[in-house]
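Here's the structure we're looking at; comments come further down.
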Amino acid sequence: MKQIDKKVADAYFRERVRLIVIFLIIWFIVSFGIVMFAESFKNMTFNSFPFHYFMGAQGAVATFIILLFINAKVSDNIDKKYGISEEKNEQLSAGKALDH
Amino acid sequence: MDTQFLVSLSIIIASFALYIGIAIYNKAKETSDFYVAGRGISPFSNGMAIAADWMSAASFIGMAGTIMLLGYDGLAYIMGWTGGYLLLTFLLAPQLRKYGRYTVPEFIGDRYESHTARVIAALCTIIISFVYSIGQLSGSGVVIGRLLEVDAKVGTMIGVVLIAFYAAFGGMKGITWTQVAQYVILIIAYLIPVVFMSLQLTGNPIPWLSYGKIVGQFQELDQQLGISQYAEPFLKGSKWQFLALMFTLMAGTAGLPHVIVRFYTVSTMKAARWSGAWALLFIGLLYLSAPAYAAFSRFILIKNVVGQKISELPAWTEKWINTGKLQIADANGDGILQWQEMVISNDIVVMATPEIANLGMFVIGLVAAGAMAAALSTAGGLMIAISSSFAHDIYYRILRPNASEQNRLLVARISIVTATVLAGLVALNPPGVITQIVAWAFAIAASTFFPALVLGVWWKRSNAAGAIAGMLVGLAVSLGYILAAKYGGFSIAGIVDTGAGIFGAVAAMLANVVVSFMTKEPSQSVQEEVYDLRYPEQMTYKDGQVWMR
């Protein structure tokens, strides 16, 4: 076990948090934001749907799925940048919780 | 007994045999390499298991019908039940995985260093899972009722026996792979009818691309029939109700004990992030199809059923009238069925549509099997959450710490059977439709666990007194609002019982913060543990310094 500069660790945490904040803002806009102004979108159409209906039935859900995959991928890259090895992580967490 | 009955029954029995076979096979394998299994299930498979655990009778049987009857306003369920996975995956799952406990009450008890908090969390788990399982049993009642052509109440009683048996004997071990199989069956069963209807009605087999045209046509059709506009927003409830319901379902998702537990079965924080992504992709397949299901069913009903002579209605109507979930009354006595003269329960739309659209016996049987898979997999997860809260967190940790292993197992089984029977009794006369009952479970989860978990993970100053106050206030506010709104006609800004979670969650959050500040801060070691959750497994926080292994 070696000590690392706390600034480095905090930079890691800041990068992760910045990502989460950006994603949650998008999450809020495509769901709550669109609903808030649903009446003003109803004359716009998208793929023959009224736009507000499209967002509720497909647009928001598709955005959520894409955000989760981007998050997983970008977080992996952040881990790599800070030299985190997944194998080591697996060893360290083994036995901390088992299958149910 | 007709051929349809035999076909449906054999598909259901075959699928049950598959689940039981998988459970037995995995049990044998797990003992041989028990420790390797601790390394975890791949995020991809875990995603399917989460999806099956998560998608209940409400998603499978109830949701499309709810959207069909509510139009745009029903989409709150679609966004709410998917958007919650972002809160869960960003704010909770990886951190809870690193903390590494077995159940949610265990996390709360240890993080807040309090037996009182542990007991309250265990009680909340029992309440949430109990309310949720009422919806599952009522759903299996609809399926079995239709299959045997008996009243849904009789179907519910049969469902109680099935689920109690399944959860008490089959559900203890090896449940992951059973759930993977249940996911595959339920998603195939859901997609086949939608794809065929899409082909029938639009000539395009991809429902997600084709049903926009149908939704577009409703404007004119609804006007002709003089019924409320399908895509028009906020006709069945206020805008605030829509937003409150969406919030309730999202925050509730992030606080559901039986779903959080599934994130403990993967190996690391990274795997937890990937599990969340795969889970929502698999869930999305069904959730993106539900509005298509709703639109196609509504279109077929308007085109082929409404406007017919009541004496000449197709044969499927009679079977559903027998279950008590479809009512047809010729109000104006002209012998012709009007849209308004048909009372169709939300809960039968998915089950009835294959018959309405003439999709054939095999598809009808497959949908019944899929619905049973959805009800069973979720009921299994819920019953295990109830029994582990009672047998592990309350009975063993608090009441009888020296109880023998055998004794605890017996208590666990008794609690599963008792909970199933009690939930079944309530489900005989369900206090609402499936999606509504399930929304109450989410309101309670959003008001108790969501604040306690988010603050527990992200705010080290939050302490036992705060968590206890938060959970109790949240429980009281959400239960109080549900009762007052449902039976007392009380409402704030048009928000009805299903949106109660917004008030409960805000009240619980405030109570937790205020009481935490008024009382002593948590111990140094707990604060360090919470700080440590910021970093991946390889980094450890200790005495203000970060160490890397």
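For the protein assembly as shown, taking the reciprocal of the average inverse distance between every pair of different Cα atoms yields a Kirkwood hydrodynamic radius of 25.2 Å.
Exposure proxy for B:LYS486, A:LYS6: other Cβ atoms within 10 Å of each Cβ, ordered fewest to most, give A:LYS6, B:LYS486. The protection proxy used here, the mean number of other Cβ atoms lying within 10 Å of each residue, ranks peptides A:61-71, B:525-535, B:463-473 as follows, highest first: B:463-473, A:61-71, B:525-535.
Per residue of B:88-101, other chain Cβ atoms within 10 Å of the residue Cβ number 3 on average.
In this rough spin-label picture, where each label sits 7 Å from Cα along the Cβ direction, the B:ILE321-A:ALA11 distance is 7.5 nm. Here the scattering of the range B:67-122 is modelled by Debye summation over its C-alpha atoms, one equal scatterer each and no solvent; at q = 0.14, 0.30 Å⁻¹ the log10 of I(q)/I(0) is -0.57, -1.06. For B:VAL514 and A:ILE78, what is the calculated FRET efficiency with R₀ set at 41 Å and r taken between the beta-carbons, to the nearest 0.05? So, using R0 = 41 Å, E works out to roughly 0.70. Lys/Arg Cβ at +1, Asp/Glu Cβ at -1, dipole of chain A taken about the Cα centre: which of A:VAL21, A:ALA9, A:THR45 is farthest positive-ward? Comparing the listed Cα positions along the dipole, A:ALA9 ranks first.
From the alpha carbon centroid of the range B:452-475 to that of the range B:348-399 is 32 Å.
Do any chymotrypsin sites (Phe, Trp or Tyr not before Pro) in the range B:409-494 lie in a DSSP loop with no more than 14 other beta carbon atoms within 10 Å, and if so, which? If you can, show how the numbers build up before the last one.
On the way: sites: B:TRP440, B:PHE442, B:PHE449, B:TRP458, B:TRP459, B:TYR481, B:TYR487, B:PHE490; in loops: B:TRP459, B:PHE490.
Sparse-neighbourhood loop chymotrypsin sites (Phe, Trp or Tyr not before Pro): B:TRP459, B:PHE490.
One chain, two ends: B:LEU221 and B:VAL154. Fully extended at 0.36 nm per residue, the span grows by 20.3 nm beyond their Cα-Cα distance.
Contact order for the range B:476-540, expressed relative to its length and based on alpha carbon pairs under 8 Å spaced 6+ residues apart, stands at 24 percent. Listed by Cβ neighbour count within 10 Å, with the fewest neighbours leading, B:HIS392, A:HIS52, B:HIS115 appear as B:HIS115, B:HIS392, A:HIS52. Please list, in order, the residues from the range B:217-251 whose amide nitrogen is less than 13 Å from a point placed 7 Å along the Cα→Cβ vector of B:GLN338. Label zone hits: B:225-228. Take the Cα coordinates of chain B, assign each an equal point scatterer, and use the Debye formula without solvent to give log10 I(q)/I(0) at q = 0.05, 0.06, 0.08 Å⁻¹. Result of the Debye calculation: -0.20, -0.29, -0.52. One Cα centroid belongs to the range B:191-208, the other to the range B:66-104; the line between them spans 28 Å. With N counted as the residues of the range B:184-281, its alpha-carbon radius of gyration over 2.2 N^0.38 Å works out to 1.54. Under the convention that each Lys and Arg Cβ holds +1 and each Asp and Glu Cβ holds -1, the size of the dipole of chain B around its Cα centre is about 1380 debye.
Since every read-out is calculated from the coordinates, none of them should be taken as a lab result. The model shown is predicted, which means the values in this text are computed figures rather than measured ones. Note: ideal-geometry Cβ built from the backbone for every residue, glycine included; neighbour counts use all protein chains shown.
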